[in-house]
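**Q** My questions will all concern the structure given below.
The values are calculated or read from the model by the stated rules, or taken from the named source; none is laboratory data. Because the structure is a prediction, the values reported are computed rather than measured. Cβ: placed from backbone, ideal geometry, glycine included. Neighbour counts: every protein chain shown. Each accessible area value is taken on the protein alone, full model and side chains, heavy atoms only, with ligands, DNA and RNA left out. Shrake-Rupley method; radii C 1.70, N 1.55, O 1.52, S 1.80 Å.
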Amino acid sequence: MKKIIMGIQVGFREDDVPEVQKLLTEYGCYIKTRIGVHDAEPDKEVCSEIGIILLEFVTGADDKVAELEGKLSEIESVDVKKMEFEL
C-alpha cells in the first residue's frame, strides 16, 4: 500500500478553476484531505492568478489518482506533481 499526495498548480485561476473544481468533485470520494493555497495581498485587494491545491488520497485509490492526474494534466495552465510513500 502507498500514500499518495498530489500538488496541483493552476496558472490561470479565473479561467481554469471551474474545470479543476469539476474534476475534484468527480473524484471527491477518493480525496481524503484538500488544502488550497494562493498569494493574497490584502492591502492591494488582489489575489494571485496562480493557485496551488494539495490533495491527500485514500489508500488504495491508485487507479483513480492516475485517472485524475491525466485529466488535470490536459488543462493548459495546470501543472501536476505527485509524491508516493510506501506504507
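One line per residue, one yes/no per condition, for (1) out of contact with any helix residue (DSSP H, G or I) (no Cβ under 9 Å at 6 or more places or on another chain); (2) closer than 14 Å to Asp79 by Cβ; (3) not in a helix (DSSP H, G or I):
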{"site": "Glu14", "(1), (2), (3)": "yes, no, no"}
{"site": "Pro18", "(1), (2), (3)": "yes, no, no"}
{"site": "Gln21", "(1), (2), (3)": "yes, no, no"}
{"site": "Leu24", "(1), (2), (3)": "no, no, no"}
{"site": "Arg34", "(1), (2), (3)": "no, no, yes"}
{"site": "Cys47", "(1), (2), (3)": "no, no, yes"}
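**Q** For region 15-31, does any single residue satisfy the condition of being among the acidic types (Asp, Glu), free of Cβ contacts under 8 Å to residues at least 60 places away in the same chain and either in contact with a strand residue (DSSP E or B) (Cβ under 6 Å, 6 or more places away or on another chain) or at positive phi (or both)? Steps first, please.
**A** Of all residues in region 15-31, those among the acidic types (Asp, Glu) come to 15-16, 19, 26.
The next check asks that each one be free of Cβ contacts under 8 Å to residues at least 60 places away in the same chain; those that pass are 19, 26.
From what's left, either in contact with a strand residue (DSSP E or B) (Cβ under 6 Å, 6 or more places away or on another chain) or at positive phi (or both): none.
Scanning region 15-31 turns up no residue that is among the acidic types (Asp, Glu), free of Cβ contacts under 8 Å to residues at least 60 places away in the same chain and either in contact with a strand residue (DSSP E or B) (Cβ under 6 Å, 6 or more places away or on another chain) or at positive phi (or both).
**Q** Please work out which residue is most open to solvent (accessible area, probe 1.4 Å), limiting yourself to region 2-12 and to residues that are in contact with a helix residue (DSSP H, G or I) (Cβ under 9 Å, 6 or more places away or on another chain) and more than 15 Å from Glu74 (Cα to Cα).
**A** Just the residues of region 2-12 that are in contact with a helix residue (DSSP H, G or I) (Cβ under 9 Å, 6 or more places away or on another chain), to begin with: 2, 4, 6, 8, 10.
Adding the requirement that they be more than 15 Å from Glu74 (Cα to Cα) leaves 2, 4, 6.
Details: Lys2: 49, Ile4: 8, Met6: 1 Å².
It comes out as Lys2.
**Q** State yes or no: is Ala61 small (Gly, Ala, Ser) and closer than 19 Å to Phe85 by Cα? Spell out how you get there, then give the answer.
**A** Working: small (Gly, Ala, Ser): yes; closer than 19 Å to Phe85 by Cα: yes.
Yes; evaluated as a whole, the condition is true for this residue.
**Q** Let me ask another. I'd like to check something: does region 77-84 contain any residue that is farther than 11 Å from Ile5 by Cα and basic (Lys, Arg)?
**A** Step one: filter region 77-84 for residues farther than 11 Å from Ile5 by Cα, giving 77-79.
Checking which are basic (Lys, Arg) leaves us with none.
No: zero hits.
**Q** So which residues in region 19-34 are within 12 Å of the chain's Cα centre (by Cα) and open to solvent by 80 Å² or more (accessible area, probe 1.4 Å), if there are any at all? Give the derivation first.
**A** First pass over region 19-34, keeping only residues within 12 Å of the chain's Cα centre (by Cα): 19-25, 27-28, 31, 33-34.
Answer for region 19-34, where residues must be within 12 Å of the chain's Cα centre (by Cα) and open to solvent by 80 Å² or more (accessible area, probe 1.4 Å): Glu19, Lys22, Thr25, Arg34.
**Q** Being open to solvent by less than 80 Å² (accessible area, probe 1.4 Å) and part of a strand (DSSP E or B) is the filter here; which residues of region 51-81 pass it?
**A** Gly51, Ile52, Ile53, Leu54, Leu55, Glu56, Phe57, Val78, Asp79, Val80
**Q** Does Asp39 satisfy the condition of being of a type in the set (Asp, Glu), surrounded by 14 or more Cβ atoms within 10 Å (Cβ to Cβ) and touching a strand residue (DSSP E or B) at 6+ places or on another chain (Cβ under 6 Å)? Give the derivation first.
**A** Details: of a type in the set (Asp, Glu): yes; surrounded by 14 or more Cβ atoms within 10 Å (Cβ to Cβ): no; touching a strand residue (DSSP E or B) at 6+ places or on another chain (Cβ under 6 Å): yes.
The answer is no for Asp39.
**Q** For Glu84, state whether it is open to solvent by 70 Å² or more (accessible area, probe 1.4 Å) and in a strand (DSSP E or B).
**A** Details: open to solvent by 70 Å² or more (accessible area, probe 1.4 Å): yes; in a strand (DSSP E or B): yes.
In short, yes.
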